[in-house]
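Next up is a structure, given as structure tokens.
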């Protein structure tokens, strides 16, 4: 493993470590999700406790799953665009933006799942 990182700049090494570790955790989370290990009583918990129907509902932005999603986007963006973007600050800002987009996409995905669950639940009541 040291041979792989030999000769890399510290910034690129950091991006690689973040990407590798976040990817490993993401894979474990995904497997656990499909096995049902992270679901709550409603079956859709997925580390998301915000009520999307209530305007004043607090979103739980700082969860472990969101941290992993952010680091996944951040790390792989840094690795991918390291040779294309010469400015270290510009690269970190772009990677941060993509990490935020990953978290936003997770929220949108969960919102759609909860809407579908609500529709299915209302059909089964009738």
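Since every read-out is calculated from the coordinates, none of them should be taken as a lab result. In this text, all values refer to a predicted model and were calculated from it rather than measured experimentally. Because the Cβ atoms are built from the backbone with ideal geometry, glycine has one as well, and the counts that use them run over all protein chains shown.
Taking 7 Å along the Cα-to-C-beta vector as the label spot, tell me the residue 17-residue 96 distance in nanometres, rounded to one decimal.
Distance between the two pseudo-spin positions: 2.0 nm.
Once you have the Cα-Cα distance between residue 34 and residue 118, take 0.36 nm times their residue separation minus that, and quote the gain in nm to one decimal.
Computed gain between residue 34 and residue 118 is 28.2 nm.
Fewest to most neighbouring Cβ within 10 Å: what's the order for 8, 94, 35?
Fewest-to-most Cβ neighbours within 10 Å comes out as 35, 8, 94.
Another one. What list do you get for 119, 85, 113 if you sort them by fewest beta carbons within 10 Å?
Final ranking by Cβ density, sparse to dense: 119, 113, 85.
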